[in-house]
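**Q** Sharing a structure with you now.
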Amino acid sequence: MKKQIVTSGASVISQKKNERLDAYLGSCVGITLVDRQANVGGLLHLLLAEATGMHVSFQPKSYASTGMPHFIKELIDAGASKERLEACVAGGALIGPLSDQDLSLDIGGRTAEVVQVYLDDQGIPITESETGGYSGRKMSLDLYHWNTTIEPTWQIERPSKSPFQTDVVFNIDEAIQRIKPIPQVALKVIRMIHRDDYTIKEVGSEIRQDQVISGRVLNLCNSTAMGLKTVVDSIDRALILIGEKRLLKLVVTASVKSLFPQSSQGYSLCKGGIFQHAIGTALIAQELAVFTKKAAPDIAYTAGLLHDIGKIPLDQVMAGNTPFFYRYMQENCGDFCEAEKLKFGIDHTEAGMRLGNLWTLPNNLINVIANHHFPETATEDQELVTIVHLADLLMSKFQSHHELEQIDTEKLSERLNRLGLNSDHLPILIDLIPKNIFQSTAMPI
């Protein structure tokens, strides 16, 4: 059966056909509505209860208060009768290790409540509801039989050729040696971004020296995700059309993508999940840097992109050990890094620091890689580290199907205060998440 993923802030309406709609829900809320007699139905994936008014490109389908009326109108326009509609609701979970602040804010719970009240006001019965709880869910709508299924993401079958490993002999140095080296052009570009005194001529000259990276960059420039209306056939033309800062980020992104595992095993919960998480964290970090004015946006993007590079060597042995991590996180509600140390003798932040030193990355980026779980332990540039930490947290809450890790929120108030923010800003920060990161094929920079 053909499958279609409904991303956050989107809905799909369909007539009867042999296909399935899927939505992966963390703190987000999913709703299916079907009219079995008219053979019309759809799935809506909501981000928040209501708009904060901060996002420049308002998208009504992202919010329960505006998305629900819009969704029902689309169904009626497609031939459904409101009197015959049946609803299922899922999501709104409290994802990851929890703090008292998570419990008091309960952003997903508020979204679910708005949905349920609206459906009740419209006289639409809810035939199944699985909201709240502490784990993500996958919501699916069978467009042929009009059946909705809801299952915890941690129960979804993940094929693995590796048996469960109880004892792991892991040598981090050997694992790092097996990683292909980062392209030199990427290292040069990262240093350009760090020092911020490059020229357009210098940018073009460095990129053209690596034909492979140049080709990847041109492919990205001509992708639908970039949305350019003209063909980009040279690095010089790319510089003119998108500018040197954006082009530099494309180079780093294209280079890093080849280093991350592209499988759906190990840390990833979907194909290329670690890289998709890295891209999303980078884009959110960039937006947070602009909003808070506490870091340079291009440096925040690069730091977000590289924050989890320590998972690259550890992923070599993770596939056979995911059952241990699922069980450990469910039973102990512990920090993910603790589980890594228990199983491998090292966590991904320390492994990433070693890799960053080997690549001679700038110190501020190594500092982010080593301390993004606990920004207060950073020895320098705590504000940049905190920005990446919050971006990582938002990705784990609202794109929970990308990877296994969840982020602790115990000291969230303290970390928000470091950026001049408080818990009242959280809905605004969520609304700052670039909506196109929810599209798995996009690389919007």
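Every number in this text was worked out from the coordinates using simple rules, so none of it is lab data. What you are looking at is a predicted structure, and each value in this text was computed from that prediction instead of being measured. Neighbour counts are summed over all protein chains in view; Cβ atoms, including those assigned to glycine, are modelled from backbone coordinates with ideal geometry.
**Q** What size of dipole, in debye to the nearest 20, comes out for segment 172-438 about its Cα centre when the only charges are +1 on Lys and Arg C-beta atoms and -1 on Asp and Glu C-beta atoms? Could you put the intermediate results ahead of the total?
**A** Working: 27 positive and 32 negative charges, 188 e Å.
Using only the charged Cβ atoms, the result is roughly 900 debye.
**Q** Could I ask something else about it? At 0.36 nm per residue, and after removing the present C-alpha to C-alpha distance, how many nm does the segment from Val290 to Gln211 gain when stretched out fully?
**A** Details: separation 79, 0.36 × 79 = 28.44 nm, distance 3.28 nm.
Extra length available between Val290 and Gln211 comes to 25.2 nm.
**Q** Would you mind listing how long segment 172-438 runs along its three principal axes, going by Cα atoms, in whole Å with the largest first?
**A** Principal extents (largest minus smallest coordinate, Cα): 54, 44, 34 Å.
**Q** Going 7 Å from the Cα of Ser81 toward and past its Cβ, which residues in segment 26-54 have a backbone nitrogen under 19 Å from where you end up?
**A** 33-42
**Q** Give me the base-10 log of I(q)/I(0) for segment 268-377 at each q in 0.18, 0.19 Å⁻¹, Debye formula, one uniform scatterer per Cα, rounded to two decimals.
**A** Each listed q corresponds, in turn, to -0.96, -1.05.
**Q** How would you order 74-87, 303-316, 22-35, 245-258 from highest to lowest mean count of nearby Cβ atoms within 10 Å? Intermediate values should be presented prior to the final figure.
**A** Values: 74-87: 16.4, 303-316: 25.6, 22-35: 27.8, 245-258: 21.8.
Result, highest mean Cβ count within 10 Å first: 22-35, 303-316, 245-258, 74-87.
**Q** Please work out the Kirkwood hydrodynamic radius for segment 2-155, using every pair of different C-alpha atoms, and report it in angstroms with one decimal place. Present the calculation step by step, with values, prior to reporting the outcome.
**A** Working: mean 1/r = 0.0652 Å⁻¹.
Result for segment 2-155 stands at 15.3 Å.
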